[in-house]
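Here the structure comes first, spelled out in structure tokens, and everything after it is commentary.
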Amino acid sequence: MKLNNKRTFFIGLAFMSIASFWQLYDNIIPLILQNTFGVGETLTGTIMALDNLLALFLLPFFGALSDRVDTRFGKRTPFIVLGTIGSVSFMLLIPISDRLGSFPLFFVSLGAVLLAMSTYRSPAVALMPDLTPKPLRSKANSIINLMGAVGAIFALGVISLLVPDEPNPSYFSVFLVIALLMVLSVAVLVKTIKEKRLSEEMKEFNHSQDLEDEETNGNGGDMPPDVKRSLYFILASIFLWFTAYNAVTTAFSRYAGRVWGLQGGSFANALLVATGAAILSYIPIGIIASRLGRKKTIIAGILLMSTSYFLGFLFVEYSPAINAVFAITGIGWAAISVNSYPMVVEMSKSADVGKYTGLYYTFSMSAQIFTPILSGFFLENVGYRTLFPYSVFFSLASLTTMLMVRHGDSKPPKKGSTLDHFDVDD
């Protein structure tokens, strides 16, 4: 059995477009809030958490809803197309509201974009397991994550090139380029991936896999208590490492300006290095995971992330050496992100993929609601230097919960080619 890499690449275009948008959102929206509208740190963190508050309720809802939808275009494609159209339409109003200095227009536009994004994120992610045989989903997820990293690094490159080094720059060209990428990506996906036909082809195979899982688990496929306990610990780990990571990603553009004195879009260079390191590390991470197993690979990633946060704290002024620290961050995050989602979704039946995808996002988004507010409070009331120690604490906390996971991991058989090392199966 071999993964259809070409098909997986086209499926990953949806995730690539989503990742490019969120990279833009995390880095530019806080700058608009503070530089244009004079919003404080705590309120900025609260506003930045709104997308995650919406996602907490809407991602599980639309994930489960897409499980039950059946159209001639498939289950997930209608959500992806309509959600992209809505997101692109409203996101272009954000830089316009910035230039006009209209906070009401900004707030309404931002809310509409976040609502539109929430309608299709779970269906877009669930498309991969829908159209991929269960044993190959980890391999496919590595490619999907690679596509997401490409989208993120594209957005960072656009920010670095198109945001001028001036006090109140215009962001319209940045938003326009990302919007065009989103539209083009989804147009190619719809043209190349005929979801309805492919899902019918996959249904029989994955149904047989569901039956095998039921025989293994017993109780008609109900999750045994010890496996459920491991699931809870995985979900807790997801919450904690997102708490650490998202604090840095949402505050870094401000941190780089306030602590290191960087101006314009130059802060994006360190994030660009982190994302580039993640892209380059996927194959070696696959090799390591194929030998050590998924759990140990994730633990190694947590340790790398914790180390990078600690090293980041040591820099009291900007130095090119910070790029090496962010390279460690990228490698560690790749080790975590490639292996975590399949650990959740592989426990589901084929008919429940959207539901379990929503469950994964419930915990990751809960963290991203919690952490901008709490970390923003520390930034505003204690000082910006609290950012990296904050992330060290929650990263190490995720290590303690991940050590309690006892299921969902095994050593896969030896791979036959370099590309096969993307596979990090349970």
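The values are calculated or read from the model by the stated rules, or taken from the named source; none is laboratory data. Only a predicted model underlies this, so the values are computations on that prediction, with no experimental measurement involved. All Cβ positions, even for glycine, are placed from backbone atoms using ideal geometry, and neighbour counts span all protein chains on display.
Structure summary
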| item | result |
| --- | --- |
| Residue ID - nearest to Gly101 (Cα to Cα), chosen from residues in the range 155-188 that are surrounded by 21 or more Cβ atoms within 10 Å (Cβ to Cβ) and aromatic (Phe, Trp, Tyr) | Tyr171 |
| Selection from the range 275-304 of residues that are in a helix (DSSP H, G or I) and among the small types (Gly, Ala, Ser) | Gly276, Ala277, Ala278, Ser281, Gly286, Ala289, Ser290, Ala300, Gly301 |
| Breaking point among (1) touching a residue at least 60 places away in the same chain (Cβ under 8 Å); (2) crowded, with 23+ Cβ neighbours inside 10 Å; (3) closer than 23 Å to Leu262 by Cβ, for Leu33 | (1) |
| Residue in the range 403-423 that is buried (at least 16 other Cβ atoms within 10 Å of the Cβ), within 16 Å of Met343 (Cβ to Cβ) and at pLDDT 90 or above present | no |
| Residue check, Ser308 touching a helix residue (DSSP H, G or I) at 6+ places or on another chain (Cβ under 9 Å), crowded, with 17+ Cβ neighbours inside 10 Å, among the hydroxyl-bearing types (Ser, Thr, Tyr) and closer than 22 Å to Ala236 by Cα | yes |
| Options Phe154, Phe175; residue that is of a type in the set (Phe, Trp, Tyr) and under 19 Å from the mean Cα position of the chain (by Cα) | Phe154 |
| Residue within the range 17-28 that is crowded, with 23+ Cβ neighbours inside 10 Å and touching a Pro at 6+ places or on another chain (Cβ under 7 Å) present | no |
| Residues of the range 94-138 that turn out to be aliphatic (A, V, I, L, M) and over 24 Å from the mean Cα position of the chain (by Cα), as a count | 4 |
| Filtered residue count, the range 1-17, keeping only those that are in contact with a helix residue (DSSP H, G or I) (Cβ under 6 Å, 6 or more places away or on another chain) and either more than 17 Å from Gly148 (Cβ to Cβ) or of a type in the set (Phe, Trp, Tyr) (or both) | 3 |
| Residue match in the range 122-142 (condition: modelled with pLDDT of 90 or more and surrounded by fewer than 22 Cβ atoms within 10 Å (Cβ to Cβ)) | no |
| Flag if Gly45 is outside any helix (DSSP H, G or I) and among the small types (Gly, Ala, Ser) | no |
| Test: Phe79 is among the hydrophobic types (A, V, I, L, M, F, W, C) and in contact with a Pro (Cβ under 6 Å, 6 or more places away or on another chain) | yes |
| Residue in the range 283-303 that is modelled with the lowest pLDDT, counting only those that are touching a Ser or Thr at 6+ places or on another chain (Cβ under 7 Å) and either surrounded by fewer than 22 Cβ atoms within 10 Å (Cβ to Cβ) or on the phi > 0 side of the Ramachandran plot (or both) | Ile283 |
| Every residue from the range 283-322 that is among the polar types (S, T, N, Q) and touching a residue at least 12 places away in the same chain (Cβ under 8 Å) | Ser290, Thr297, Ser306, Thr307, Ser308 |
| All positions within the range 311-326 that are surrounded by fewer than 20 Cβ atoms within 10 Å (Cβ to Cβ), small (Gly, Ala, Ser) and assigned to a helix (DSSP H, G or I) | Ala324 |
| When residues of the range 259-271 are limited to those that are assigned to a helix (DSSP H, G or I) and buried (at least 22 other Cβ atoms within 10 Å of the Cβ), the one modelled with the highest pLDDT | Ala270 |
| Residue that is farthest from Val392 (Cα to Cα) [pool: residues in the range 228-241 that are among the aromatic types (Phe, Trp, Tyr) and modelled with pLDDT of 95 or more] | Phe239 |
| Residues that are of a type outside the set (Val, Ile, Thr) and without any contact (Cβ under 8 Å) to a residue 60 or more places away in the chain, drawn from the range 166-183 | Ser173, Leu180 |
| Unique match (being among the aliphatic types (A, V, I, L, M) and either without any contact (Cβ under 8 Å) to a residue 12 or more places away in the chain or touching a strand residue (DSSP E or B) at 6+ places or on another chain (Cβ under 6 Å) (or both)) among Leu161, Leu100, Leu136, Leu146 | Leu100 |
| Hey, Leu3 surrounded by 21 or more Cβ atoms within 10 Å (Cβ to Cβ), in a helix (DSSP H, G or I) and not β-branched (Val, Ile, Thr) or not | no |
| Top-ranked residue of the range 166-193 - restricted to ones that are outside any helix (DSSP H, G or I) and either small (Gly, Ala, Ser) or out of contact with any Gly (no Cβ under 8 Å at 6 or more places or on another chain) (or both), ranked as nearest to Ser17 (Cα to Cα) | Ile193 |
| Any pair with Cβ under 7 angstrom, 6 or more apart, that starts in the range 245-261 at a residue that is closer than 14 Å to Phe313 by Cα and without any contact (Cβ under 8 Å) to a residue 60 or more places away in the chain and ends at one that is acidic (Asp, Glu) and crowded, with 21+ Cβ neighbours inside 10 Å | none |
